[in-house]
Amino acid sequence: MNVASGYNFAYLDEQTKRMIRRAILKAVAIPGHQVPFGSREMPLPYGWGTGGIQVTAAVLGRDDVLKVIDQGADDTTNAVSIRRFFARTAGVATTTHTAEATVIQTRHRIPETALRQDQIIVYQVPQPEPLSRLEPSREETRRMHALADYGLMHVKLYEDITRFGHVSISYDYPVMVDGRYLMAPSPIPAFDNPKMDRMAALQLFGAGREKRIYAVPPYTSVRSLDFDDHEFRASRAPHACLLCGATDSYLDEVVIDDQGGRMFVCSDTDHCEGRRDGT
Amino acid sequence: MAYVAVKGGERAIDNAHAWLAEARRGDPAVAEIGVDQIEAQLGRAIDRVMAEGSLHDRGLAALAIKQAQGDLIEAAFLLRAYRTTLPRFAASAPLDTEAMQVRRRISAVFKDLPGGQVLGPTTDYTHRLLDFALAAEGIAPPRAPRADVTDETIPSVNAILAHEGLIERDAGSSGEEPADLTREPLAFPAGRDVRLQALARGDEGFLLALGYSTQRGWGGTHPFVGELRVGEVGVEIVPPELGFAIDIGDVSLTECQMVNQFAGSRSVKPQFTRGYGLVFGHAERKAMSMALVDRAMRAAELGEDATAPAQNIEFVLYHCDNIEATGFVEHLKLPHYVDFQSELETVRRMRADADAAAIREAAE
């Protein structure tokens, strides 16, 4: 019991954590495969990161240092809310510094700073099924994964290229994990996809509403789907960050007036502050 | 600088919560509503929140309604989030709804039948005229006439029809513990136990619309209300260490037995089929809708074409839960600027390509 809350450490009871850990172990053993789990109703709404929160709760220990980001930033309202939830129910130390964190829960971004082997990144996933927009039935997509029948997705990419000259998917860009399973990387910008490939940190994905957990073990191949003659290309706004001058980070576009004025700043606030502090 | 305006999430959240608490209380010159008043006087709201919150506790439902400012889906969510922290001790023995202490029991298929027709506290035959007398407080309603309580068992209409073999029989208990959606994720094909649990927790409005759609030809089932009963039923569990059933209390339930179009084959003589609804509290609209949708989802099992939305088990089960639905719909208001930014860049790039192509064409 813990911190005046009356709840178990990190909110979930130990039985539930054990169930989630089993799902995580299975997920790590079969990289990119979606493992159904008995997702619980959390005190935050579905869509707010209930899957990520359950995964974090299951892996968090007393000595962990937690960082929570949403859209790359530590101070977006939902990141604040989730960080407070764990500060309150687990009493763990929290940080905004990527390098100091042992567990990083994220929505929609991967930090710019390369992650290490002793870190875990937990992604919040709204829709774990990469084929969902092409085939709404989960009974059917499950069969497609079993047979590694991903022709439908290749056709979709091909049609995009013939129609637009490029693949039109700009976030949640599908990836092949370890050459076997097609996986939704969660709605991170395609810019972040290359960071997943052979990442040193363990990558865990939690989808609460859809009740699925999946994982990419450290140093596993993660390839963004493409064609030999149409290679995957990560793109970002062609500007430099107005605050730190970075030209290689992912940028937020901020509207500054109603005359079409825009400024571009790093979406990863910790990265940006670090560069400005010269650390 | 403008960028500063999007920072400061921490203080914004605290301020929002403070404002919410003030808004919830409303005008302090007006007396605060008591949880006991909600429980006693907003019974149908309590019933709905208990059903969709999957927790039979009138007091907690009343608290949730107060906390949610009367937003019943939000209240059901509060109950669900509380419920999930409770240990699960046992699965009950099958409820004996024939032994229900009925306060209402009607059949639309027989004019009279054992146990009789009992209207009970229904709005069915009220004229929907605003009762301005209710706006004036302190006027006690006239005392309703009393009758003696009997504890006779009232046979279900199905049992009556089953005598002649005219309707599908109860499958009887398999002895297996029923599936529990709150512990195991939904998987397909989904058994009837899972389907009924999902419907019992499902959104009343969604099921109402789906049930209605079957009546308008989208998967018609030719339904009759065999019977509808509302009342209290005892719940029994059989603790393994005792080996016999003990009564752990009563729950309020609404049960609907729908009698549907007959089916038959060379091996099975024609008989009516069934749809079933069972909901916490007094919830006739929900129980009837549930029975319609339950029957519609049996289409494939009964050899009918499954083409309408209500007959698509995966469609119904994945979308009937309003806590899941409201979460995912409302999450769209969370920040999505990273994704939107990537879409912006993609659209700008495509537009630039299109412009370049147009210039090339013009030059040729």
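Yes/no matrix, rows are residues, columns are (1) surrounded by fewer than 23 Cβ atoms within 10 Å (Cβ to Cβ); (2) touching a Gly at 6+ places or on another chain (Cβ under 6 Å); (3) at pLDDT below 90:
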{"site": "B:Gly275", "(1), (2), (3)": "no, no, no"}
{"site": "B:Ala287", "(1), (2), (3)": "no, yes, no"}
{"site": "B:His336", "(1), (2), (3)": "yes, no, no"}
{"site": "B:Glu343", "(1), (2), (3)": "yes, no, no"}
Could you look through the stretch A:18-72, keep only residues that are touching a Phe, Trp or Tyr at 6+ places or on another chain (Cβ under 6 Å) and without any contact (Cβ under 8 Å) to a residue 60 or more places away in the chain, and pick out the one that is nearest to A:Pro189 (Cα to Cα)?
A:Leu66
Given the residues B:Asp47, B:Asp57, which is the only one that is farther than 14 Å from A:Pro43 by Cα, away from chain A (no Cβ under 14 Å) and open to solvent by less than 20 Å² (accessible area, probe 1.4 Å)?
B:Asp47
Determine whether B:Lys286 is away from chain A (no Cβ under 14 Å) and within 21 Å of A:Glu41 (Cβ to Cβ).
yes
What do you reckon, is B:Ala159 open to solvent by 10 Å² or more (accessible area, probe 1.4 Å), over 19 Å from the mean Cα position of the chain (by Cα) and at pLDDT below 90?
yes
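Please go through the stretch A:141-158 and give me each residue that is open to solvent by less than 60 Å² (accessible area, probe 1.4 Å) and within 12 Å of another protein chain (Cβ to nearest Cβ), ordered by number.
Correct list: A:Thr141 only.
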Which of the residues spanning the stretch A:159-180 are touching a Pro at 6+ places or on another chain (Cβ under 7 Å) and away from chain B (no Cβ under 14 Å)?
A:Pro174, A:Val175, A:Val177, A:Asp178
Tell me, yes or no, whether the stretch B:245-268 has at least one residue that is of a type in the set (Lys, Arg), touching a residue at least 12 places away in the same chain (Cβ under 8 Å), more than 19 Å from B:Ala61 (Cβ to Cβ) and open to solvent by 30 Å² or more (accessible area, probe 1.4 Å).
no
Determine if the stretch B:66-73 includes at least one residue that is in a helix (DSSP H, G or I), touching a helix residue (DSSP H, G or I) at 6+ places or on another chain (Cβ under 9 Å), open to solvent by 20 Å² or more (accessible area, probe 1.4 Å) and more than 14 Å from chain A (Cβ to nearest Cβ).
yes
Go through (1) under 17 Å from the mean Cα position of the chain (by Cα); (2) in a helix (DSSP H, G or I); (3) in contact (Cβ under 8 Å) with a residue 60 or more places away in the chain one by one and return the number of the condition B:Val49 breaks.
(3)
Only residues in the stretch A:73-101 that are without any contact (Cβ under 8 Å) to a residue 60 or more places away in the chain count as the first member; pair them with residues that are open to solvent by 10 Å² or more (accessible area, probe 1.4 Å) and assigned to a helix (DSSP H, G or I), Cβ under 8 angstrom, at least 6 apart or cross-chain, and list the lot.
A:Thr77/B:Ala12; A:Thr77/B:Ile13; A:Val80/B:Glu10; A:Val80/B:Ile13; A:Ser81/B:Ile13; A:Thr94/A:Arg83; A:Thr94/A:Ala87
Within the stretch B:137-153, is even one residue open to solvent by less than 50 Å² (accessible area, probe 1.4 Å) and either within 14 Å of chain A (Cβ to nearest Cβ) or in a loop (DSSP other than H, G, I, E, B) (or both)?
no
For the stretch B:328-338, state whether one or more residues are within 8 Å of chain A (Cβ to nearest Cβ), free of Cβ contacts under 8 Å to residues at least 12 places away in the same chain and either small (Gly, Ala, Ser) or more than 30 Å from A:Asp268 (Cβ to Cβ) (or both).
no
Hits in the stretch A:74-101 (condition: within 8 Å of another protein chain (Cβ to nearest Cβ), surrounded by 21 or more Cβ atoms within 10 Å (Cβ to Cβ) and hydroxyl-bearing (Ser, Thr, Tyr)):
A:Thr76
Single residue of the stretch B:77-112 satisfying the filter (open to solvent by less than 30 Å² (accessible area, probe 1.4 Å), out of contact with any strand residue (DSSP E or B) (no Cβ under 9 Å at 6 or more places or on another chain) and not in a loop (DSSP other than H, G, I, E, B)) that is farthest from the other protein chains (Cβ to nearest Cβ):
B:Leu79
Condition broken by B:Gly202, with the remaining ones in (1) under 27 Å from B:Arg104 (Cβ atoms); (2) at pLDDT below 95; (3) small (Gly, Ala, Ser) satisfied
(2)
Need pairs with beta-carbon distance below 7 Å; first residue more than 18 Å from B:Pro94 (Cα to Cα) and not assigned by TED's automatic domain parsing to the domain that holds B:Asp57 and within the stretch B:269-285, second open to solvent by 30 Å² or more (accessible area, probe 1.4 Å) and among the charged types (D, E, K, R); sequence gap 6+ or separate chains.
B:Gln271/B:Glu168; B:Thr273/B:Glu168; B:Arg274/B:Glu168; B:His282/B:Arg44; B:Ala283/B:Arg48
Those residues of the stretch A:230-270 that are surrounded by fewer than 11 Cβ atoms within 10 Å (Cβ to Cβ) and charged (D, E, K, R) come to a total of 4
Looking only at the stretch A:189-223, how many residues end up being open to solvent by 10 Å² or more (accessible area, probe 1.4 Å), within 14 Å of chain B (Cβ to nearest Cβ) and in a strand (DSSP E or B)?
1
When the stretch B:167-198 is examined, which residues are found to be away from every other protein chain (no Cβ under 14 Å) and open to solvent by 60 Å² or more (accessible area, probe 1.4 Å)?
B:Arg169, B:Asp170, B:Ala171, B:Ser173, B:Ser174, B:Gly175, B:Glu176, B:Glu177, B:Pro178, B:Arg192, B:Asp193
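The values are calculated or read from the model by the stated rules, or taken from the named source; none is laboratory data. Computed from a predicted model, the values in this text were never measured in an experiment. Positions of Cβ are backbone-derived with ideal geometry, glycine not excepted, and every protein chain shown enters the neighbour counts. We work out accessible area using only protein heavy atoms, side chains counted, and drop any ligands, DNA or RNA first. Shrake-Rupley method; radii C 1.70, N 1.55, O 1.52, S 1.80 Å.
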